[in-house]
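These notes are about the structure you will find just below.
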Amino acid sequence: MPVKHPKVAVLLAAYNGMRWIEEQLNSILVQSGVEVTVYISIDPSTDGTEGWCAAYADQHPAVIALPAAGTFGGASRNFFRLLRDVDLDAYDFVAFSDQDDVWRPDKLQRATHAIQTRQVDAYSSNVTAFWADGCTHLLDKAQSQVDWDFLFEAAGPGCTYVMSNGLVDKLKASMLANWQPLQEVSLHDWYCYAFARSHGYRWYIDPIPSMDYRQHERNQVGANKGLSPLIARYKTIHDGWWFNQVQMIAVLTGLGSDPFVQSWMALRRRQLMRLSFSAWRCRRRVRDKVFFFCICWASALIGKKAK
């Protein structure tokens, strides 16, 4: 009797992806130890991505290009559309994919094996960022999870996420019930991790990189390496975007009335000062705990820009 491989639906959000999408798709279709179907949703593009994907899907039965669904304006809404419109009931696992990375051949096999053997509900991993000049850098997101990290950060790059059918079924139902406010969430991977953790699902973050994470000028969210990303992160906080996303995700995951969340939800000066002393419960990495503490105090003392 042939070995039964797990069935994995890979959801790929594309936009102007002609430079790299073929290499990405080829690396998905050669995944070992799993049965893969790739669903592609394309934000209206100017480089021929739609036509190329349609032709590629015609040549590859395991690839399905979804019909046009208007303009999304960002990867998050595109992934939400994929979760909403693809019938995922027949799959054991669901994975996210960007259009411009390169997956290692055992990425999905390792992920599904980890979910099954560790008795968890979802998986993400470290990645190796790489640049056109040949430079590489390990992005380490695999620190131990803490009480409230999910409200303040994702579980690593969303393109490493693999989730069980049971988790995705509950996630999809919640998304459909909150569809309009969900459109204001900017990072789908952050929201999915927050939903899972806030609803008691178990998540494993693998320290071994599962893919090569391409860095280029059009990355929506790239490698957080060096001084420039740190300055950019501070700007999103000073502009109010980051705290706004935190508040929104807390509400959408049903934690708006939790006593801990209520203690800082209004983000007034004293609340931010109090929140700073919970930094060790809100971020995983030591450096990020220190940054979180400092940002809370800076926001309390200097304030955020008026929205």
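Taken together, the values in this text are just the output of simple stated rules run on the coordinates, not laboratory data. Nothing here was measured: the structure is a model prediction, and the numbers come from that model. Quick reminder, even Gly has a Cβ in these numbers, built from the backbone with ideal geometry, and neighbours come from all protein chains shown.
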Karplus couplings for the stretch 142-151 from phi (6.51 cos²θ - 1.76 cosθ + 1.60, θ = phi - 60°), rounded to Hz, Gly and Pro as x?
9, 5, 4, 5, 10, 3, 10, 4, 5, 7
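Using a 10 Å cut-off around each Cβ, can you sort SER45, SER124, SER32 from fewest to most neighbouring Cβ atoms? Walk me through the intermediate numbers first.
On the way: SER45 16, SER124 27, SER32 12.
Neighbour counts put them in this order, fewest first: SER32, SER45, SER124.
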At a 10 Å Cβ-Cβ cut-off, how would you order TYR15, TYR123, fewest neighbours first?
TYR15, TYR123
Amide H contacts of VAL127 (H built 1.01 Å from N, under 5 Å, at least 5 apart or other chain)
LEU139, LYS141
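In the calculated pair distance distribution of the chain, what percentage of Cα-Cα distances lie above 35 Å? Mind showing how you got there, number by number?
Working: 8463 of 46971 pairs.
Value for the chain (Cα pairs over 35 Å): 18 percent.
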Comparing LEU267, LEU12, LEU25, which has the greatest mean-square fluctuation in the GNM of the chain with Cα pairs linked when under 10 Å apart?
LEU267
Across 5 Å bins from 0, what is the distribution of all Cα-Cα pair distances for the stretch 63-110, in whole percents?
4, 13, 26, 24, 19, 10, 3, 0
With a 10 Å Cβ neighbour count serving as the proxy for reagent exposure, in which order, fewest first, do PHE72, PHE80, PHE277 appear?
PHE277, PHE72, PHE80
Once the Cα atoms of helix 165-177 and of the chain are each reduced to a long axis, what angle between those two axes, in degrees from 0 to 90 to the nearest 10, is obtained?
60
Starting from the Cα gyration tensor of the stretch 114-158, take the square roots of the eigenvalues, sort them a ≥ b ≥ c, and report rounded, prolate or oblate (rounded when a/c is under 1.5, otherwise prolate if a/b is larger than b/c, else oblate).
oblate
Please turn the phi angles of the stretch 240-245 into ³J(HN,Hα) values with the Karplus equation 6.51 cos²θ - 1.76 cosθ + 1.60 (θ = phi - 60°), one per residue in order, whole Hz, x for glycine and proline.
x, 5, 5, 5, 4, 5
Given a Förster radius of 41 Å and the C-beta distance between ASP89 and MET273 as r, what FRET efficiency does 1/(1 + (r/R0)^6) yield to the nearest 0.05?
0.30
